[in-house]
Every structure is written in structure tokens, then in C-alpha cells.
1. Identify, from the list 187, 114, 126, 162, the residue that is closer than 23 Å to residue 236 by Cβ and within 35 Å of the chain's Cα centre (by Cα).
2. Output the number of the condition that residue 188 fails; it satisfies all remaining conditions of (1) closer than 18 Å to residue 240 by Cα; (2) at pLDDT 95 or above; (3) surrounded by 17 or more Cβ atoms within 10 Å (Cβ to Cβ).
3. In contact with a strand residue (DSSP E or B) (Cβ under 9 Å, 6 or more places away or on another chain) and surrounded by fewer than 13 Cβ atoms within 10 Å (Cβ to Cβ), is that true of residue 244?
């Protein structure tokens with residue numbers, strides 16, 4: 001790099017160089033690869049320093065280079081100082097403020113966008129949960145809903161497990177509540193089955209009871225307008241089965 005253009009390069013990187021000095025430097029840059037390389041490095045250092053206002057600290061080398069440029073600027077001759085007056089200093093300040101401001105607003109915009117997306121997702125989830133809750137409440141209170149008690153097959157223990165299925169054919173909705181269910185073997189789960197008056201058993205939800213033997217199933221996906229013959233419970237793999245793989249441990253006949 002040519003030393004006589006050192007301070008001008010620093011000012012040019014900050015868009016603070018004006019007048020004849022700017023014209024002279026641009027002509028010099030067209031012919032001097034060394035000064036062009038120095039200018040590119042100064043632009044990179046400025047970007048890193050701007051990012052440091054809202055992110056990780058920039059490399060120490062970038063800070064040292066910019067500080068050196070500032071010191072070099074203070075050693076200018078009185079004639080050049082008078083010529084640039086306060087505009088040079090204002091150029092430094094304005095460019096630095098603009099660089100930091102642009103980065104800050106960009107980061108704020110990105111953060112606000114992420115916040116808005118998160119709130120939108122939360123609202124969508126809450127609306128879906130509210131819809132399910134209303135559907136479950138309608139199922140429990142509808143006069144058209146059918147209530148089926150599901151009892152164990154050949155059970156001799158006390159207290160016996162018990163299930164209650166409240167089913168609404170017109171809404172294709174189901175609420176199932178179980179109590180006193182026995183503990184399961186490892187990697188096993190209970191599966192509830194809707195047995196229609198015609199056709200094969202329909203999966204109606206996989207569940208595992210808690211420590212007290214309680215469990216619930218609310219609104220599993222079911223085909224529309226199915227007339228029930230009975231409900232049954234079998235022991236299946238944790239992921240559930242598309243058809244029963246064992247004999248029912250509990251049964252309950254519909255109306």
C-alpha cells in the first residue's frame with residue numbers, strides 16, 4: 001500500500017472522503033492492486049466492528065487496524081485538516097452510526113419475525129386444543145351420544161378395571177375414560193377398538209395407564225357415521241396395531 005493514500009483509504013472505507021481527494025484516490029485505485037486490497041480489508045474490518053455492537057466481539061486484528069487508521073488520521077497536516085474541517089470527523093461518526101444502526105435494525109427485524117411466528121404457532125395450537133375440548137364437551141353432553149361400560153374378561157382381582165366410552169356417531173367423536181387398569185409389560189400398551197355392526201374392528205386409540213391405573217382417550221380419528229356393536233381393549237405393541245393381535249382383555253356391548 002502507498003503510505004500517502006493510507007488515511008484517504010480509511011476515510012473512503014467510511015464514505016467520508018470528498019472533493020479532489022476522492023477523485024484522486026479513485027484514479028489511484030484503478031491502477032494500484034495493493035491499495036485496492038487494503039481497501040477491501042478495511043471494509044471487512046468495518047463490518048466486523050459493526051456486528052460487534054449486537055453480536056460476538058470481532059477479531060482483535062480488525063480493531064487494531066481501525067484504531068491505527070484513526071491515529072493516522074489525527075497526524076494529518078494542518079492544511080489538509082483545515083480543508084476537510086469538521087466534515088471529515090462527521091463522516092466517520094455518521095458512517096459508524098449507520099453501520100451499527102443497519103445491523104441493529106436487521107437483528108431486531110429478525111427477532112420480531114421469529115417472535116411473531118412463535119406467537120402464531122401458539123395461537124394455532126390453542127385454537128386446535130379449544131376445538132377438541134368443545135367437541136369432547138359436546139360428546140359428553142349430547143343426548144345422541146351412546147355410553148358403553150367396558151369390563152374385564154375373566155377378571156378376579158379387586159378392584160376390577162373399568163372403562164367408559166361415550167361415543168357420538170353423528171360427530172364421529174369419542175371420549176374414553178379408564179380406571180384401575182393393570183400395569184403393562186415392557187414395550188406394551190393398551191389399544192381401544194370400536195367394533196362396528198358390520199366390518200372389522202376399528203382402532204380407537206392407544207393408551208398407557210398412569211401409576212393409579214387411570215387413562216383417557218379424547219377424539220381419536222374415526223370414520224364417519226359408524227354404528228357400534230361393542231368396544232374392546234387388547235394389549236398391543238407400544239406403537240399400536242391396525243388389527244387386534246391378541247384376545248380382548250375387556251369388552252363392552254353397545255345399545
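The values are calculated or read from the model by the stated rules, or taken from the named source; none is laboratory data. Computed from a prediction, not measured in an experiment: that's the story for all the values here. In this analysis, Cβ positions are derived from the backbone assuming ideal geometry, glycine residues included, and neighbour counts consider all displayed protein chains.
1. On the way: 114 fails: closer than 23 Å to residue 236 by Cβ; 126 fails: closer than 23 Å to residue 236 by Cβ; 162 fails: within 35 Å of the chain's Cα centre (by Cα).
187 is the lone residue from the list that is closer than 23 Å to residue 236 by Cβ and within 35 Å of the chain's Cα centre (by Cα).
2. Evaluating residue 188 over (1) closer than 18 Å to residue 240 by Cα; (2) at pLDDT 95 or above; (3) surrounded by 17 or more Cβ atoms within 10 Å (Cβ to Cβ) leaves (3) as the failure.
3. Values: in contact with a strand residue (DSSP E or B) (Cβ under 9 Å, 6 or more places away or on another chain): yes; surrounded by fewer than 13 Cβ atoms within 10 Å (Cβ to Cβ): no.
No; evaluated as a whole, the condition is false for this residue.
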